[in-house]
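Below is one structure; the comments refer to it alone.
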Amino acid sequence: MTKPNQATAPLLEVDALSVDYGLKGVPLRAIEDVSFTLCAGEAVGLVGESGSGKTTTALSIAGLLPPNAGVSSGEVRYRGKRLPISDDAAMRSHRWSEISFVFQGAMNALNPVHRVVKQIAEPCMLKRGMARDEAAARARELLELVGIPADRGSAFPHELSGGMRQRVMIAMALACCPSIIIGDEPTTALDVITQAQILKLLGKLRSQLNLAIILITHDLSVVAESCDRAMIMYAGRIVEDGLVADVFAEPKHPYTKLLIESIPNPAKGKHILRPIPGDPPTLVNRPSGCSFRSRCPSAIQVCATEDPRLDLAGRGRVACHLHRSLTQERTVAADA
Ligand SMILES: Nc1ncnc2c1ncn2[C@@H]1O[C@H](COP(=O)(O)OP(=O)(O)OP(=O)(O)O)[C@@H](O)[C@H]1O
Ligand SMILES: [Mg+2]
């Protein structure tokens, strides 16, 4: 698999992004101060419970937020240039040709009355100015690339299996040669074998095309298998970001630890998914201090009053007072 070249400038920079939804006149801060970078060929997994802000992060990067949402601060840069993420029309020249999407539930996204080859050819004509025949040829080429025999292109979506439909969605996402693909739960609706096949396909395309991937999922084990980095979101913020190997070997945030512990592992006698007790806080009126403190088994006094910043920690980042105080203790002990 292609390794990201960290020495080169990032392809994508998300810088202090905050997004609010208007909910019956009351603003709901769905994501707050979200910052991260993505390099060419890198795969980053964005993980977190339902409502933690994963989709909102993805939609804002692509300028696809619904009308009741607004970017309240921050910006997104692609190859160093600011993207007009709040301007749908201006974003059209960037979407699909630079940043592309694969959503969950291909059956709903595909048009049931058109053959799939036509649906893949369409963005080639609209975005790349190809003539009909050229676009159809490109669509067949893309079908082969995602592991579907080109002659199956004449099928309608309902004639294909769920896995094949998701492959068609990936072919469509690749039609305009983007450098970044954002997959929002692209395998959630699929059985485990098909899920593994789709993840393998994304990995193959990533190395073949040097694609950068943001993979959104609830499932940390999916990130472990397919990504270089894991970014953990909680209540609209990134609480931990690190190389997958580091995050699994030594999770720094108590939430990440609990997420890892909740994964079933029959080899260790853990047969069922163990949910994390408690619920995330309401995003309308955030409580003071750390958003995770009411569920955190290690909370200390400061967690009730001060919101922890996302600080550098080793090769990654973490937002946790406990981690900071442990690091300070270690430094003091080492200096003594
Ligand atoms: N269109 C909307 N209008 C109002 N609030 C919304 C809207 N979409 C999302 N939200 C709220 O924003 C917060 C973040 O939602 P988001 O969909 O980004 O989370 P998520 O991590 O993708 O969740 P899931 O895993 O369930 O897909 C949630 O509190 C959600 O209720
Ligand atoms: Mg979502």
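The values are calculated or read from the model by the stated rules, or taken from the named source; none is laboratory data. Predicted model only: the values in this text are computed from it and were never measured. Every residue, glycine as well, gets a Cβ built from its backbone with ideal geometry; the counts of neighbours run over all protein chains shown.
Considering only residues that are in contact with a Lys or Arg (Cβ under 8 Å, 6 or more places away or on another chain) and either free of Cβ contacts under 8 Å to residues at least 60 places away in the same chain or aromatic (F, W, Y) (or both), which ones fall in region 53-87? G63, L64, S72, L83, listed by residue number. Only a single item in (1) at pLDDT below 95; (2) of a type in the set (G, A, S); (3) farther than 30 Å from M125 by Cα; (4) buried (at least 23 other Cβ atoms within 10 Å of the Cβ) is not met by A173, and it is number (3).
Okay, residues lined up against (1) within 16 Å of ligand 2 (Cβ to nearest atom); (2) closer than 28 Å to D279 by Cα; (3) not assigned by TED's automatic domain parsing to the domain that holds S18:
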| position | (1), (2), (3) |
| --- | --- |
| A196 | no, no, no |
| L201 | no, no, no |
| L209 | no, no, no |
| I216 | yes, yes, no |
| V222 | yes, yes, no |
| R229 | no, yes, no |
| A235 | yes, yes, no |
| A249 | no, yes, no |
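Residue pairs whose Cβ atoms lie under 8 Å apart, sitting 6 or more positions apart in sequence or on different chains, and linking a residue in region 200-211 that is over 19 Å from C176 (Cβ atoms) and of a type in the set (S, T, N, Q) to a partner that is crowded, with 17+ Cβ neighbours inside 10 Å and at pLDDT 90 or above, are S207/G41. Scanning region 6-14 for residues that are of a type in the set (D, E), more than 16 Å from I180 (Cα to Cα), modelled with pLDDT of 95 or more and assigned to a strand (DSSP E or B) turns up nothing. Each residue in region 234-278 was checked for being at pLDDT 75 or above, more than 20 Å from I216 (Cα to Cα) and touching a helix residue (DSSP H, G or I) at 6+ places or on another chain (Cβ under 8 Å), and 4 of them qualify.
Of all residues in region 244-259, those satisfying the criterion of being in contact (Cβ under 8 Å) with a residue 60 or more places away in the chain and surrounded by 21 or more Cβ atoms within 10 Å (Cβ to Cβ) are V247, K252, H253, P254, L259.
For region 50-63, a residue qualifies if it is more than 7 Å from ligand 1 (Cβ to nearest atom) and part of a loop (DSSP other than H, G, I, E, B), and the qualifying residues are A62, G63.
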